[in-house]
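K.L.:
Take a look at the following structure, please.
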Amino acid sequence: MSDDHPAGAPARGGWRLAELARVLPRALCQTGNEVRIFLPASEGLDLSSVPPLEPLGVVSVPTGESSTTFSIRKTMLEGMTVYVFGHPVMFKD
């Protein structure tokens, strides 16, 4: 079994969330599953090495008596669809 296989995690003492987030989508994609990843456009998100993001539109979400609006952009990465959500206050947009 490969070191990149999640099933090997218990023998190595567990996985960190970042390792799981990196390995699991690729493993699912390689086994023929359709993988979609949803990410906030946060300060630490480096998108410089991915194909350009395609704007999909905006979504308004009710928040009590008002609402807040998120932008949604999409790209493909190694056969996986990646959606990036932007918000002017919660995330960079």
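K.L.:
Summing Lys, Arg as +1 and Asp, Glu as -1, what charge do residues with Cβ under 14 Å from the Cβ of V35 carry, V35 excluded? Walk me through the numbers before you get to the answer.
P.N.:
Values: positive: R22, R26, R36, K74; negative: E34, E78.
Counting the neighbours of V35, the net charge comes to +2.
K.L.:
Under a crude label model (7 Å from the Cα following the beta-carbon direction), how far is A18 from L45 in nanometres?
P.N.:
1.7
K.L.:
Put a dot 7 Å past each Cα toward the Cβ at C29 and T75; how far apart are the dots in nm?
P.N.:
1.2
K.L.:
Heavy atoms only, probe 1.4 angstrom, no DNA, RNA or ligands counted: give me T75, T31, T68, T63 ranked by accessible area, highest first.
P.N.:
Ranked list, largest accessible area first: T31, T63, T68, T75.
K.L.:
For T68 and Y83 in the same chain, what is the full-extension length gain: residue separation times 0.36 nm, less their Cα-Cα distance, in nm?
P.N.:
Once the chain is fully extended between T68 and Y83, it gains 3.6 nm.
The values are calculated or read from the model by the stated rules, or taken from the named source; none is laboratory data. Since the model is a prediction, treat every value here as computed from it, not as a measurement. Don't worry about glycine lacking a Cβ; one is built from the backbone with ideal geometry, like all the others, and counts go over all protein chains shown. Heavy atoms of the whole protein, side chains included, go into the accessibility calculation; ligands, DNA and RNA do not. Shrake-Rupley method; radii C 1.70, N 1.55, O 1.52, S 1.80 Å.
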